[in-house]
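Taking it in order: structure first as structure tokens, then the write-up.
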Amino acid sequence: MTGALYAVSDLHVSYAENRAVVDGLRPETADDWLIVAGDVGEVFADVERTLRLLRDRFARVVWAPGNHELWTHPNDPVTLRGVARYDALVAMCRELGVLTPEDDYPVWRGEGGPVTVAPLFLLYDYSFRAPGTTTKEESLRAAYDAGVVCTDEMMLHPDPYPDRESWCAARLEVTRRRLEATDPALPTVLITHWPLVRQPTEVLWFPEFAQWCGTDRTADWHVRHRAAVAVYGHLHIPRTTHYDGVRFEEVSLGYPREWRRRGGEPAPMKRILG
Ligand SMILES: [Fe+2]
Ligand SMILES: [Fe+2]
């Protein structure tokens, strides 16, 4: 098998300019795979349309949810909340043949392989606290005081869990077990919308936003679960960094105002392996 493993995230297709960028996403060979690391959009039908288009072009599409797919947006006729919404997204992906965190992890056998490709849904638990705070309550209050509050607080419902951190704890438990059951002889590509480690959030313009960006409980997962590469998005700060010798790739497109500021035509698809 030839071809390459590509990744992208944060396509945010509610923006016409971003839909034009998505229209330009094409494989280079018939064997190329595409990882989509969350925030395709918030309206269910938009997510479906976009994943269908990408599935028609790439040999395989692997998706992990972002916070935007999990919103129950007032403009969306699909009014499902929380776990029911996630389950419906997974069912939709299965109809399309797009792989999700609920499917068997595929093995990339092209160049740079074999590696286990693991899309993960983990959420966050407010442990990336705002500076100078020690509890979730203090951290949230600091965010409200600074006027930096993630829309998740209004639209990402945790039902039937009492709160988002409980949902996160449940996801961590099932995902840890899944990863421990993978072939120990193979390295992994770990794919999460929210970064596995806190360090990428240290460059955020508003540090109070970090509490919606991950969990301290995955701080060693890139080492523990043999990551060759860790792919994430959410921060809208595309870049390559290394932690403990592991390559981390932030692969977001982001909002038009963000990619326009970077200049030139956006080329958000990043080659991960191959
Ligand atoms: Fe995003
Ligand atoms: Fe996000």
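The values are calculated or read from the model by the stated rules, or taken from the named source; none is laboratory data. Here the structure is a predicted model, which is why all the values come from computation and not from measurement. Glycine also receives a Cβ, built like all others from the backbone with ideal geometry; neighbour counts cover every protein chain displayed. In case anyone asks, the SASA skips ligands and DNA or RNA and just uses the protein heavy atoms, side chains included. Shrake-Rupley method; radii C 1.70, N 1.55, O 1.52, S 1.80 Å.
Averaged over its residues, the stretch 161-216 has an accessible area of 43 Å² per residue, based on protein heavy atoms and a 1.4 Å probe. Per residue of the chain, the DSSP helices (runs of n ≥ 4 H) give a summed -39500 (n - 2.57) that works out to -8500 deg cm²/dmol at 222 nm.
In this simple spin-label approximation, Arg52 and Val149 carry label points 7 Å from Cα along the Cα→Cβ vector, and these lie 3.7 nm apart.
Indicate the gyration tensor shape class of the stretch 116-265 (rounded, prolate or oblate), computed on the Cα atoms with a ≥ b ≥ c the square roots of the eigenvalues: a/c under 1.5 is rounded; otherwise a/b larger than b/c is prolate and the rest oblate.
oblate
Under 5 Å between amide hydrogens, built in the peptide plane, is the criterion, and for Val231 it picks out Leu190, Ile191, Thr192, Glu249 among residues at least 5 positions away or on other chains. Computed from backbone phi, the HN-Hα couplings of the stretch 117-133 come to 9, 10, x, 10, 10, 10, 6, 8, 9, 6, 7, 7, 5, 5, x, x, 10 Hz, rounded to whole numbers (Karplus: 6.51 cos²θ - 1.76 cosθ + 1.60, θ = phi - 60°; Gly and Pro given as x).
Using a 1.4 Å probe on the protein heavy atoms, what percent of the accessible area of the chain belongs to carbon and sulfur?
Here it works out to 50 percent.
Evaluate the stretch 43-152: find the radius of gyration of its Cα atoms, find its Kirkwood radius, and give the ratio Rg to Rh.
1.07
Phi-derived couplings, Karplus 6.51 cos²θ - 1.76 cosθ + 1.60 at θ = phi - 60°, listed residue by residue for the stretch 135-144: 10, 4, 4, 5, 5, 5, 4, 4, 5, 5 Hz, with x used for Gly and Pro. Computed from phi, the 3J(HN,Hα) profile of the stretch 192-204 under the Karplus parametrisation 6.51, -1.76, 1.60 (θ = phi - 60°) reads 9, 5, 8, x, 5, 10, 6, 3, x, 7, 5, 9, 4 Hz, with x in place of Gly and Pro. Give me the percent of DSSP beta bridges within the chain that run antiparallel, rounded to the nearest 5. The answer is about 30 percent antiparallel. Checking every one of the chymotrypsin sites (Phe, Trp or Tyr not before Pro) in the stretch 201-260 against DSSP loop status and a limit of 16 other Cβ atoms within 10 Å picks out Trp205. When +1 charges are put on Lys and Arg Cβ atoms and -1 charges on Asp and Glu Cβ atoms, the dipole computed for the chain relative to its Cα centre reaches about 500 debye. Here the chain has an Rg and Dmax of 17.5, 54 Å, counting Cα atoms alone. Measuring gaps between exposed loop sites in the chain (trypsin sites (Lys or Arg not before Pro); DSSP loop; at most 13 other Cβ atoms within 10 Å), the longest gap, sites not included, is 110-261.
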